[in-house]
Amino acid sequence: MDSLTSKNATSRFRRRATLRRSVGLLSDFRFEQSEPARFYGALARDTVELTADLFPEPLDGALVLDVGGGPGYFEDAFAERGAVYIPVEPDPSEAHAAGITSSRGVRGSGLALPIADGAVDVCLSSNVAEHVRDWRSMGEEMLRVTRPGGMVILSYTCWYGPFGGHEMGLTHYLGGDRAARMYTDKHGHPPKNLYGTSLFKVGARDGLDWAGTVDGADLLAAFPRYHPSWAWWIVRVPGLREVFTSNLVLVFRKH
């Protein structure tokens, strides 16, 4: 993809990234655990629109691999665009969550994807990297399985943003271990996303620094997912981006 094509693709999504969209997505975020179908349904539609805007080819017939895709919340939304959607999920309980199971779901780890080199057109991961201890290796695996000219979309929740603690709320600003203890004391059980076990500290700078070291792919865009486009400048400001970027999207084109 040349620079002009990349700019045009980003411009298409910029026009979609309105304040109304941001408010809607952030409003649904609070239903992630209580009403997952509501949250993931809205996220699925947004993910497909984002992918369709950024991918330089029609999604019809494209092979889309979703790393950490759970039971396949995004399958129907991608199918409506004609894409072949395959979620990869290592946790059986997550793979069968909400009483749904993808027709093409694959059991496997993002750190060792059971997929051949260069096999997929689009490889995406949404809100997963912060749950993986070695998320950089997961990113490398995503790049490995993507064909030349294909696209990788890595979107993750930033630790220092307001949602970094997930269900622990803003207590994560007091430290991950302390936040986990506070949650356990209050609810009588540990959080689903346990700091140091299934939730890790990944900041905006971490992702941007890693993106700058990637070989074999170009970084096409880096922007805060839930922000309106007029606020994307935040990603360029050290310090500020850590607190105000709730979710960072990194978009690569494979050489």
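Against the numbered list (1) free of Cβ contacts under 8 Å to residues at least 60 places away in the same chain; (2) closer than 18 Å to GLY70 by Cα, MET182 comes up short only at (2). Only residues that are at pLDDT 95 or above and surrounded by fewer than 20 Cβ atoms within 10 Å (Cβ to Cβ) were counted in the stretch 161-174, giving 4. Note on the stretch 209-226: among residues that are touching a Phe, Trp or Tyr at 6+ places or on another chain (Cβ under 8 Å) and more than 23 Å from ASP46 (Cβ to Cβ), the one that is most open to solvent (accessible area, probe 1.4 Å) is ASP218. Considering only residues in the stretch 227-240 that are in contact with a strand residue (DSSP E or B) (Cβ under 8 Å, 6 or more places away or on another chain) and under 22 Å from LYS201 (Cβ atoms), the one that is surrounded by the fewest Cβ atoms within 10 Å (Cβ to Cβ) turns out to be ILE234.
Inside the stretch 179-208, can you point out the residues that are open to solvent by less than 80 Å² (accessible area, probe 1.4 Å), under 30 Å from LYS254 (Cβ atoms) and not hydrophobic (A, V, I, L, M, F, W, C)? The answer is SER198, GLY203, ASP206, GLY207.
Identify all residues within the stretch 23-49 that are at pLDDT below 80 and open to solvent by 40 Å² or more (accessible area, probe 1.4 Å); write none if there are none. If you could, list the steps in order and put the result at the bottom.
Of all residues in the stretch 23-49, those at pLDDT below 80 come to 26-41.
The answer is LEU26, SER27, ARG30, GLU32, GLN33, SER34, GLU35, ALA37, ARG38, TYR40.
Here are the criteria: (1) at pLDDT below 95; (2) out of contact with any Phe, Trp or Tyr (no Cβ under 6 Å at 6 or more places or on another chain); (3) under 30 Å from ASP121 (Cβ atoms). Tell me which single one SER246 does not satisfy. Looking at each condition in turn, SER246 falls short on (2).
For the structure I just gave you, tell me whether SER198 is more than 24 Å from GLY24 (Cα to Cα), touching a residue at least 24 places away in the same chain (Cβ under 8 Å) and of a type in the set (S, T, N, Q). Even if it seems obvious, please write down each step before you answer.
Details: more than 24 Å from GLY24 (Cα to Cα): yes; touching a residue at least 24 places away in the same chain (Cβ under 8 Å): yes; of a type in the set (S, T, N, Q): yes.
Yes.
Restricting attention to the stretch 54-107 and to residues that are modelled with pLDDT under 90 and basic (Lys, Arg), the residue that is farthest from GLY41 (Cα to Cα) turns out to be ARG107.
Scanning the stretch 138-158 for residues that are farther than 18 Å from LEU54 by Cβ and in contact with a helix residue (DSSP H, G or I) (Cβ under 6 Å, 6 or more places away or on another chain) returns THR157, CYS158.
The values are calculated or read from the model by the stated rules, or taken from the named source; none is laboratory data. If you're wondering where the values come from, they're calculated on a predicted model, not measured in any experiment. Note that each Cβ is placed from the backbone with ideal geometry, even for glycine, and that neighbours are counted across all protein chains shown. For the accessible areas, the whole protein counts, side chains as well, though only heavy atoms, and no ligand, DNA or RNA atoms are used. Shrake-Rupley method; radii C 1.70, N 1.55, O 1.52, S 1.80 Å.
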